[in-house]
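Right, one structure below, let's go through it.
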There are 6 protein chains.
Amino acid sequence: MKVSVYRKAHFNAAHRLHNPNWSAEQNKRIFGLCNNPNYHGHNYELEVKVIGEIDPETGYVIDLKVLKNLIEEEVCQRFDHQNLNLDVPDFKNLNPTAENIVVVIWQRLRAKLDPKFDLQVRLYETPRNYVEYPV
Amino acid sequence: MKVSVYRKAHFNAAHRLHNPNWSAEQNKRIFGLCNNPNYHGHNYELEVKVIGEIDPETGYVIDLKVLKNLIEEEVCQRFDHQNLNLDVPDFKNLNPTAENIVVVIWQRLRAKLDPKFDLQVRLYETPRNYVEYPV
Amino acid sequence: MKVSVYRKAHFNAAHRLHNPNWSAEQNKRIFGLCNNPNYHGHNYELEVKVIGEIDPETGYVIDLKVLKNLIEEEVCQRFDHQNLNLDVPDFKNLNPTAENIVVVIWQRLRAKLDPKFDLQVRLYETPRNYVEYPV
Amino acid sequence: MKVSVYRKAHFNAAHRLHNPNWSAEQNKRIFGLCNNPNYHGHNYELEVKVIGEIDPETGYVIDLKVLKNLIEEEVCQRFDHQNLNLDVPDFKNLNPTAENIVVVIWQRLRAKLDPKFDLQVRLYETPRNYVEYPV
Amino acid sequence: MKVSVYRKAHFNAAHRLHNPNWSAEQNKRIFGLCNNPNYHGHNYELEVKVIGEIDPETGYVIDLKVLKNLIEEEVCQRFDHQNLNLDVPDFKNLNPTAENIVVVIWQRLRAKLDPKFDLQVRLYETPRNYVEYPV
Amino acid sequence: MKVSVYRKAHFNAAHRLHNPNWSAEQNKRIFGLCNNPNYHGHNYELEVKVIGEIDPETGYVIDLKVLKNLIEEEVCQRFDHQNLNLDVPDFKNLNPTAENIVVVIWQRLRAKLDPKFDLQVRLYETPRNYVEYPV
């Protein structure tokens, strides 16, 4: 009896979209205001989906306290109130678009989550723009 | 032309997580505050997804009044303002975790819904914790 | 590295559900208040999902400004503040149920979106009733 | 011990903004798309606030079932799935702007509500535009 | 320069509406399903409003960490995952209606909050029913 | 017939809380993570409330297109995708706390709004923390 379990979390961060191989003009043309050299920021909302069998002893797929703590350690403590470009090593050589952030978050959680579970992550950059990985 | 149609509903209920085969200590350790013997409660939000072909006569997959009434009869009238552990026979021998509740709701709706439709149910226990069946 | 990217939009419109091949009585019986000959209306909320590979140069699946403008041109400028039955040619011979509207929106966007992308559309007619295509 | 009690409700309606004393050009210039002669529509969300003393016997300011039924009878049954301009006598000679609708709703509820209560009404025409009466 | 500062919190609890001076019949007639002797429950959402002058040194009216901790200690740790009737002494002789709960919360916070601040509390029992004190 | 009219808008910005008259230690102690020298950011949500008489010709208190454009020019074009500390002159010598930002926004709108209207502004820094001016 497989069920999907979801847990939400959030973090606030600054970022800037920039490709160091491009000229300033090209960066401005492609990324527009998101290329502001002084950064801008977002309240990122995160939805983590874990798929697995219901444990007949507990009635849980996964203890949500465990999942909450995993998200806290792997994502929130690293990203919250940080500048993604400057403070977070994951984005040292990776443009912090929503697409790239969601893949990084999935990789961090996947590395620590029991392989018996499937995992999907959705990330809201704003209430109108969001991304999901894997598809 | 298959389309998914969603309808939301809600019910308010008390519950307690408890495994009668465990000691009080183990129940407390695994379920924490959710094991409170005097119960706690939630505003459960339900999203029912029905998948089927558009009827060319009506332009409907399913008449939402029919779906609304089915949810009302099979779920809300049985669960709303009830103590899931004490008042709802479905949980007489089943721990009312979100995972188990969503499977029970799916089984109740599946039994009454025309077999030509596919069915998926999502249940919010809180705005931050929710489950979905089938995956 | 395939990621799903979502963009929300909205439009306000009037409509009426009606099958011209039926008697007034049958229309009333099937569509109820939605058959009101003077129309009623909704704030439609639209969620467009585009699935594709992350471009390693930009870190984008698709530039959201491009997607936003496509939705604006193909959907909002045609549907917003319109009477779907009277003002929008797509519904001249098609009952504007949520199911039919979401398929029309998908067809309009699909025709203009690069074939390398997959596309799914969700349409909220009210916060409690919504549809999705394809399934 | 005075407390404010709120109850939400909703109705879906078509309307058109139009001043019959103006030319078509002036109506178009002032009301823009809202002047569409074929109407457009909204999911109106209503919040009714009743202020009064807590009854020491019940712990209620007002029984919410009573308030819910009053809103249903005075507002929803008259406005839901209607064309405000054509179907609702209150707007026969009154332009159905959000401002005018909220005052009409307040007057209808005020006439039936016990004078010992104070009353305020908020009406959402869209999630971004809303009005409140009295100030 | 007076500004209002708001902070949200939440707790999940079971309760039952009941007046011990009334017969079972009268309790049932007045409180309906809310009188269920086995309790039901809610996800209570709390909004605390503190009004005061901006401190020119910090730019804060009140440090939100201080306010967050005060709400946690005075409200959430006492009410969360509890049965309001059985586990919370404040409701030993007080019917836990939303109106009475919001006044109790206000009194608890008022007793610990610096008198230089004004205080107002809003409590959502469900997304459709909520109360506010003082008016 | 005075009515309150509300319009929502939003902007995304980076900021840092810092008092230049304090030591690094004191800044860290008071502002915590918000003092990060590399900035963090938010999706700011803005609600502007304008109070005035209903114009009997239009049925409007104020044309919402006019209000929308005023907010766009005075707030969004100056703050959106900016670093409040570095890019926005209003905060050159003013700590960009939510309290100070909401007062600055009020002052900007007040200077351009017809004096016959009353004005109040609410600013959400996150869905859980928000401020309002005047009280």
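Assorted remarks:
- Picking from residues in the range F:85-101 that are over 13 Å from the mean Cα position of the chain (by Cα) and under 24 Å from E:Glu53 (Cβ atoms), the one that is nearest to the other protein chains (Cβ to nearest Cβ) is F:Asn95.
- Of the helices (runs of 4 or more DSSP H) lying entirely inside the range F:12-122, those carrying at least 2 residues that are touching a strand residue (DSSP E or B) at 6+ places or on another chain (Cβ under 9 Å), touching a residue at least 12 places away in the same chain (Cβ under 8 Å) and open to solvent by 30 Å² or more (accessible area, probe 1.4 Å) are F:64-71.
- Filtered by the rule that a residue be at the interface with another protein chain (Cβ under 10 Å from one of its Cβ atoms) and out of contact with any Leu (no Cβ under 6 Å at 6 or more places or on another chain), the range E:102-119 gives E:Val103, E:Trp106, E:Asp118.
- Of all the criteria given as (1) within 7 Å of chain A (Cβ to nearest Cβ); (2) closer than 25 Å to E:Thr126 by Cβ, the one not satisfied by B:Arg122 is (1).
- Subset of the range A:74-105 (residues that are of a type in the set (A, V, I, L, M) and more than 23 Å from A:Pro134 (Cβ to Cβ)): A:Leu86
- Within the range F:1-11, the residues that satisfy the criterion of being open to solvent by 10 Å² or more (accessible area, probe 1.4 Å), part of a strand (DSSP E or B) and not small (Gly, Ala, Ser) are F:Lys2, F:Tyr6, F:Arg7, F:Lys8, F:His10.
- Residue check for A:Pro127: surrounded by fewer than 17 Cβ atoms within 10 Å (Cβ to Cβ) and within 30 Å of F:Phe79 (Cβ to Cβ): yes
- Restricting the range C:66-79 to residues that are of a type in the set (A, V, I, L, M, F, W, C) and farther than 30 Å from D:Phe11 by Cβ, the residue that is nearest to the other protein chains (Cβ to nearest Cβ): C:Leu67
- Residues of the range E:1-23 that are within 14 Å of chain B (Cβ to nearest Cβ) and of a type outside the set (S, T, N, Q): E:Lys8, E:Ala9, E:His10, E:Phe11, E:Ala13, E:Ala14, E:His15, E:Arg16, E:Leu17, E:His18.
- All positions within the range B:83-106 that are of a type outside the set (A, V, I, L, M) and closer than 19 Å to B:Val66 by Cβ: B:Trp106
- From A:Arg122, A:Arg128, A:Arg29, residue being modelled with pLDDT of 95 or more, basic (Lys, Arg) and under 11 Å from the mean Cα position of the chain (by Cα): A:Arg122
- Among the residues making up the range B:36-65, those that are within 14 Å of chain E (Cβ to nearest Cβ) and not polar (S, T, N, Q) are B:Pro37, B:Tyr39, B:His40, B:Gly41, B:His42, B:Tyr44, B:Glu45, B:Leu46.
- Test result for D:Arg128, under 24 Å from C:Cys34 (Cβ atoms), free of Cβ contacts under 8 Å to residues at least 40 places away in the same chain, of a type in the set (Lys, Arg) and within 14 Å of chain C (Cβ to nearest Cβ): no
- Residue among A:Gln82, A:Gln26 that is within 14 Å of chain F (Cβ to nearest Cβ) and among the polar types (S, T, N, Q): A:Gln82
The values are calculated or read from the model by the stated rules, or taken from the named source; none is laboratory data. Computed from a predicted model, the values in this text were never measured in an experiment. A quick note on method: Cβ atoms are made from the backbone with ideal geometry, for glycine too, and the neighbour counts reach across all protein chains shown. Please note that ligands, DNA and RNA were not included when accessible areas were found on the heavy atoms of the full protein model with its side chains. Shrake-Rupley method; radii C 1.70, N 1.55, O 1.52, S 1.80 Å.
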